[in-house]
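Undergrad: Please see the structure below; I have some questions.
Rule-based calculations on the coordinates, nothing more; no lab input. Bear in mind that the values here come from a model prediction, so they are computed numbers and not experimental data. Using ideal geometry, Cβ is built from the backbone for each residue, glycine included, and neighbour counts are taken over all protein chains shown.
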Amino acid sequence: MDCATVAVADVETGWKPRPEVVFTGDDVLKAAGSKYTYCPMLLALGSAYFEYARDRVAFVGTPCQVTAVRKMQLADMGYRKLGLAAKYVIGLFCMENFDYSLITEFLPSKGVDLKSVSKFDISGGAFKVYGSDGKELLLVKVKELEKYSRKGCMVCPDLTAELADISVGNIGSSKGMSTVIVRTSKGEELFNKAVEKGILRAEKISDKGLKLLLRIAERKRKRGLKMKSV
């Protein structure tokens, strides 16, 4: 592949995610970590194709963005070439996304200094904020963030980016690991190469972890279908 599209957010930009095209492994690692506010990743795909003239792109995005790329790849006209430039489609687990005001309003209201934040995490039904020293600055139930949820997310039934070549998330995995779902032969080839070269270490997901993933995926599916019918 020629490059990858990633979402980058840091303290210098007020933790507002921005889409970028990256060309090195180091730059990919710099983009590591969950971003819970929206980032328009299709802009990065467009940049890779139109600005950098790259047509072997590893596209990384949420389930809705993955669906958009697949629709582009099947289009009879319009942006089909752009969609086909995404040679590998990597999907991220996503229960819902939040408005940027979660960062600019909610966190300061809880006494969190954005300049001291190093990362965010959602696990066990809680939203967690960590400082640069690794200590937990804030822990609140995800339910408290309901007013910041993007309304469009409520009709989405897809937790695990089912149309991706490979889906990745932290639901069901042990600490320091990620849950990976290989969905296509292309994705399987890419994943196996990464394991063979020692880039990734793989182990089978536990039965408990798999059951948790399936339960949450079904919960989102039911919520999405219910909201669509309203």
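Undergrad: Using Cβ counts within 10 Å as a stand-in for footprinting exposure, how do MET95, MET41, MET154 rank, fewest first?
TA: If I rank by nearby Cβ atoms, fewest first, I get MET154, MET95, MET41.
Undergrad: OK, next. Quick one: Cα centre-to-centre distance for region 158-177 and region 1-60, in angstrom?
TA: Using only Cα atoms, the two centres lie 19 Å from each other.
Undergrad: Using 0.36 nm times the number of residues separating VAL140 and ASN192, minus their current alpha carbon distance, what extension gain do you get?
TA: 14.9 nm
Undergrad: Rank these for me by crowding, TYR52, TYR79, going from fewest to most other beta carbons within 10 Å.
TA: Least crowded to most crowded, the residues run TYR52, TYR79.
Undergrad: Please give the FRET efficiency for LYS204 paired with ASP121, using the beta carbon to beta carbon distance and R0 = 25 Å, rounded to the nearest 0.05.
TA: Working from the Cβ atoms, E equals 0.60.
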